[in-house]
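Enquirer: Take a look at this one; I'll ask things after.
The values are calculated or read from the model by the stated rules, or taken from the named source; none is laboratory data. These numbers were taken from a predicted model, which means no experiment stands behind them. Because the Cβ atoms are built from the backbone with ideal geometry, glycine has one as well, and the counts that use them run over all protein chains shown.
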Amino acid sequence: MKTIKRRRIENKTDYLTRIKLLKSGSPRLVFRKTNRYLIAQYVLSKEAQDSIKIGLTSKKLLEYGWPEELKGSLKSLSAAYLLGFLISKEIIKEKLKKPIIDFGMLRSLHKTRLFAFVNGVTDGGLDMTTKEETFPEKERIERKHLKNLHFEKIKLNIENKKW
């Protein structure tokens, strides 16, 4: 009988996907979500030992002008896009190698936070091969119905940071 590993039972690790990612030898851009925040990490693996070069959470968006009263929505579609935009700027600044995206055990449904994150990464300057129809609509990402969220201002703050 095949032994089922503990992390697979807990829905934390897909070992087949992980071994493929490790065999590729490329760095990974890891995207995870928690109950309150989104996490993005640039991870290098050497002999199955992961080391994180860049690690950001959506809490970092507060420094770039995310409204304090919308602190509870730091795992929204807008936050995912801006987090992807921010980490791509960091990767370009550090002159790191182009990563492959690792969603882990998250379901990759079109027009969700995952693809808003990928959209932010591509708009930030990294070249990812994706289909445009998988990205959420621009109106949903910018959340124009929220008067306090100045999406373009936050994006400009990220772009204008001294890289």
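Enquirer: Considering every residue within region 33-47, establish whether at least one is out of contact with any Pro (no Cβ under 6 Å at 6 or more places or on another chain), surrounded by 12 or more Cβ atoms within 10 Å (Cβ to Cβ) and of a type in the set (Asp, Glu).
Expert: No, region 33-47 has no match at all.
Enquirer: Filter region 1-40 down to the residues that are among the β-branched types (Val, Ile, Thr), free of Cβ contacts under 8 Å to residues at least 24 places away in the same chain and part of a loop (DSSP other than H, G, I, E, B), then identify the one that is nearest to Ser88 (Cα to Cα).
Expert: Here the residue is Ile4.
Yes/no matrix, rows are residues, columns are (1) touching a Lys or Arg at 6+ places or on another chain (Cβ under 8 Å); (2) under 22 Å from Gly55 (Cβ atoms); (3) at pLDDT 90 or above; (4) of a type in the set (S, T, N, Q):
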| position | (1), (2), (3), (4) |
| --- | --- |
| Phe103 | no, yes, no, no |
| Arg113 | yes, yes, yes, no |
| Met128 | no, yes, no, no |
| Phe135 | yes, no, yes, no |
| Glu139 | no, no, no, no |
| Asn148 | no, no, no, yes |
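Enquirer: Could you give every pair whose Cβ atoms fall below 8 Å, whose first residue belongs to region 105-124 and is in contact (Cβ under 8 Å) with a residue 24 or more places away in the chain, and whose second residue is assigned to a loop (DSSP other than H, G, I, E, B) and charged (D, E, K, R), counting only separations of at least 6 or pairs across chains?
Expert: Met105/Lys12; Met105/Asp14; Lys111/Glu137; Arg113/Lys75
Yes/no matrix, rows are residues, columns are (1) at pLDDT below 95; (2) within 26 Å of Lys12 (Cα to Cα); (3) assigned to a helix (DSSP H, G or I):
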{"site": "Val43", "(1), (2), (3)": "no, yes, no"}
{"site": "Asp50", "(1), (2), (3)": "yes, yes, no"}
{"site": "Lys59", "(1), (2), (3)": "no, yes, yes"}
{"site": "Glu69", "(1), (2), (3)": "yes, no, yes"}
{"site": "Tyr81", "(1), (2), (3)": "no, yes, yes"}
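Enquirer: Could you list all residues from region 120-141 that are aliphatic (A, V, I, L, M) and closer than 10 Å to Gly84 by Cβ? Before the answer, list the steps.
Expert: Start the filter on region 120-141 by keeping residues that are aliphatic (A, V, I, L, M), which leaves 121, 126, 128, 141.
Within region 120-141, Val121, Leu126, Met128 meet the criteria.
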